[in-house]
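Working notes, structure below.
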Amino acid sequence: MSVDDYLDLLNYAKAINDGQWQADIIESLKNLSAVSEAPQVQEESVIELWSQFDAVNILIMKLFEKLRENEDSEQVFQWKEQLLELKLERSILSKKILNRYIRIR
């Protein structure tokens, strides 16, 4: 049912002074609006997750570049540790993105 249908029913419930039915219709309207807003919120959260994913990828690329240019640096071990942490974070973000896409569709 559409919002207009619920509003028509609400007007009729008011006309016949059925308070319980009015309350039920209002509750249904609240649930209807929550359901219609949920996909938009999920989509925004997916966009945020993609932004984080892109940021992590950029950091990974910069670290690989540092490793290539400074193979003999004392910080190689530290950079490799950072790479492992970023790859793990990217994997977690990938799973979150996948879960959100499955819920949206």
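Taken together, the values in this text are just the output of simple stated rules run on the coordinates, not laboratory data. Because the structure is predicted, anything quoted here is derived from the model rather than measured. Cβ: placed from backbone, ideal geometry, glycine included. Neighbour counts: every protein chain shown.
Things worth noting here:
- Extent of region 3-104 along its three principal axes (Cα atoms, max minus min coordinate, largest first): 85, 18, 18 Å.
- Kirkwood hydrodynamic radius of region 53-97, from inverse mean 1/r over distinct Cα pairs, in Å: 10.9
- With 0.36 nm allotted per residue and the present C-alpha distance subtracted, the LYS96-ASN17 stretch has 23.6 nm of extension available.
- The modelled label-to-label distance for the pair LEU88/SER73, using points 7 Å beyond Cα in the direction of Cβ, is 2.2 nm.
- Here the calculated FRET efficiency for TRP50 and ASP8, from their Cβ-Cβ distance with R0 = 35 Å, stands at 0.30, rounded to the nearest 0.05.
- The protection proxy used here, the mean number of other Cβ atoms lying within 10 Å of each residue, ranks peptides 14-20, 24-30 as follows, highest first: 24-30, 14-20.
- Summing Lys and Arg as +1 and Asp and Glu as -1 over all other residues whose Cβ lies under 12 Å from the Cβ of GLN75 gives a net charge of -3.
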